[in-house]
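A.B. asks: Here you go, one structure.
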Amino acid sequence: MPSYSCKEVFLNLEEIKNMDKRIGVIGIVIEEFESASKVNETLHELASIIVGRMGIPRKERGISIISLIVEGNSDEISAMTGRLGKIKGVNVKSALTKKLEE
């Protein structure tokens, strides 16, 4: 049975984690103004997978729209959409690449 150093095991775990990297788009519609701060707090906590962000306030309609470009593994992206989707007055949809990073 081969033996591995801690560094080798860590590098192998990082390689496995990075193999599942995907790029995607997340659309967020905030229908309750009070929820915007919780959305921004959540996005700040998960900023490591956000590549780009565009926010459009539509005051005359009483909503805000945020679009995100994300890059991360499936678990990270799912965790983000799950947390955002639990916030009252927030609707979230995502689309991810099927192709994994090579």
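The values are calculated or read from the model by the stated rules, or taken from the named source; none is laboratory data. Since we're looking at a predicted model, the values are computed, not measured. Cβ sites come from the backbone with ideal geometry, for glycine too, and all protein chains shown count toward neighbours.
A.B. asks: In the stretch 8-39, which residue that is under 18 Å from the mean Cα position of the chain (by Cα), modelled with pLDDT of 90 or more and in a helix (DSSP H, G or I) is nearest to residue 59 (Cα to Cα)?
C.D. replies: 36
A.B. asks: Moving on to the next point. Which residues, counting only those in the stretch 84-97, are surrounded by fewer than 18 Cβ atoms within 10 Å (Cβ to Cβ) and in contact (Cβ under 8 Å) with a residue 24 or more places away in the chain?
C.D. replies: In the first step, residues of the stretch 84-97 are kept if they are surrounded by fewer than 18 Cβ atoms within 10 Å (Cβ to Cβ); the result is 85-86, 88-89, 91, 93-97.
Those that are surrounded by fewer than 18 Cβ atoms within 10 Å (Cβ to Cβ) and in contact (Cβ under 8 Å) with a residue 24 or more places away in the chain: 88, 89, 91, 93, 94, 95, 96, 97.
A.B. asks: Output yes when any residue across the stretch 24-36 is of a type in the set (S, T, N, Q) and touching a helix residue (DSSP H, G or I) at 6+ places or on another chain (Cβ under 9 Å), and no when none is.
C.D. replies: In the first step, residues of the stretch 24-36 are kept if they are of a type in the set (S, T, N, Q); the result is 35.
Then drop every residue that is not touching a helix residue (DSSP H, G or I) at 6+ places or on another chain (Cβ under 9 Å), which leaves none.
Checking the stretch 24-36: not a single residue is of a type in the set (S, T, N, Q) and touching a helix residue (DSSP H, G or I) at 6+ places or on another chain (Cβ under 9 Å).
A.B. asks: Something else about it: Out of the residues in the stretch 44-64 that are of a type in the set (Gly, Ala, Ser) and either touching a residue at least 60 places away in the same chain (Cβ under 8 Å) or surrounded by 10 or more Cβ atoms within 10 Å (Cβ to Cβ) (or both), which is nearest to residue 23 (Cα to Cα)?
C.D. replies: Taking the stretch 44-64 as the starting set, the residues that turn out to be of a type in the set (Gly, Ala, Ser) are 47-48, 52, 55, 62, 64.
In the following step, the residues that additionally are either touching a residue at least 60 places away in the same chain (Cβ under 8 Å) or surrounded by 10 or more Cβ atoms within 10 Å (Cβ to Cβ) (or both) were identified as 52, 55, 62, 64.
Numbers: 52: 11, 55: 19, 62: 30, 64: 23 Å.
Out of the qualifying residues, it is 52.
A.B. asks: Considering only residues that are surrounded by 14 or more Cβ atoms within 10 Å (Cβ to Cβ) and either at pLDDT below 95 or closer than 20 Å to residue 98 by Cα (or both), which ones fall in the stretch 71-83?
C.D. replies: 71, 72, 73, 76, 77, 79, 80, 81
A.B. asks: Oh, and also: Name every residue in the stretch 73-99 that is under 19 Å from residue 30 (Cα atoms), of a type outside the set (A, V, I, L, M, F, W, C) and not in a loop (DSSP other than H, G, I, E, B), in order of residue number.
C.D. replies: Residues satisfying the conditions are 78, 81, 82, 83, 85, 91, 93, 94.
A.B. asks: Quick check, is residue 68 modelled with pLDDT of 95 or more, crowded, with 17+ Cβ neighbours inside 10 Å and assigned to a helix (DSSP H, G or I)?
C.D. replies: So residue 68 fails the test.
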